[in-house]
1. Please tell me the relative contact order of the chain in percent, rounded to the nearest whole number, where contacts are Cα pairs under 8 Å and at least six residues apart.
2. At 1.4 Å probe size, with every protein chain present, just tell me what the per residue accessible area of the chain comes to in Å².
3. Where does the chain land at 222 nm, in deg cm²/dmol rounded to the nearest 500, when only DSSP H runs of n ≥ 4 count, each adding -39500 (n - 2.57), divided by all residues?
4. So, in the chain, how many Lys pairs have Cα atoms under 18 Å apart, if the pair is 8 or more places apart or on different chains?
5. Over the chain, what percent of the accessible surface lies on carbon and sulfur atoms, probe 1.4 Å?
6. Suppose we take every Cα in the chain and form the convex hull; what volume per residue is that in Å³?
7. Between exposed trypsin sites (Lys or Arg not before Pro) in the chain, where DSSP calls loop and at most 15 other Cβ atoms lie within 10 Å, what's the longest gap?
8. Determine the sum of side-chain charges near THR14: Lys and Arg each +1, Asp and Glu each -1, restricted to other residues whose C-beta is under 12 angstrom from that of THR14.
Amino acid sequence: METPATMFTNGEITVTYEPKKCINAEKCAKGLSNVFRTTVIPWIDLNGAPTHKIMTQVKKCPSGALNYCRNKD
Ligand code: SF4
């Protein structure tokens, strides 16, 4: 069974996570551990860091499992 992508938002941006693409490199958790948490569910907490830092970290995801888009006003 395919696992659907999950979505998280902080009002400014929406971050999506596609588990089937994730290669578990933990680059996200190591880079921004207050947002990308390995031991808590839900594992992404967009209140854990400023939006610009989250966007920078999402861009570093090596597999493309993480993506973001800016929310419309
Ligand atoms: S950085 Fe991307 S590939 Fe690595 S654990 Fe996070 S979501 Fe998965």
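1. Details: 104 pairs, mean separation 27.9, N = 73.
Taking the mean separation of contacting Cα pairs over the length of the chain, I get 38 percent.
2. Working: 5000 Å² over 73 residues.
Computed with neighbouring chains in place, this is 68 Å² per residue.
3. Values: 2 runs with 14 residues, N = 73.
My calculation for the chain gives -5000 deg cm²/dmol from helical runs alone.
4. Total qualifying Lys-Lys pairs in the chain comes to 10.
5. On the way: 2570 of 5000 Å².
It is 51 percent, rounded to a whole number.
6. Details: hull volume 6.5 nm³, N = 73.
Dividing the Cα hull volume of the chain by its residues yields 89 Å³.
7. Values: sites that count: LYS60, LYS72.
That would be 1-59.
8. +1
The values are calculated or read from the model by the stated rules, or taken from the named source; none is laboratory data. Computed from a prediction, not measured in an experiment: that's the story for all the values here. Cβ coordinates were reconstructed from backbone atoms using ideal geometry, including for glycine residues, and neighbour counts include every protein chain displayed. What goes into the accessible areas is simple: the full protein's heavy atoms, side chains included, and nothing from ligands, DNA or RNA. Shrake-Rupley method; radii C 1.70, N 1.55, O 1.52, S 1.80 Å.
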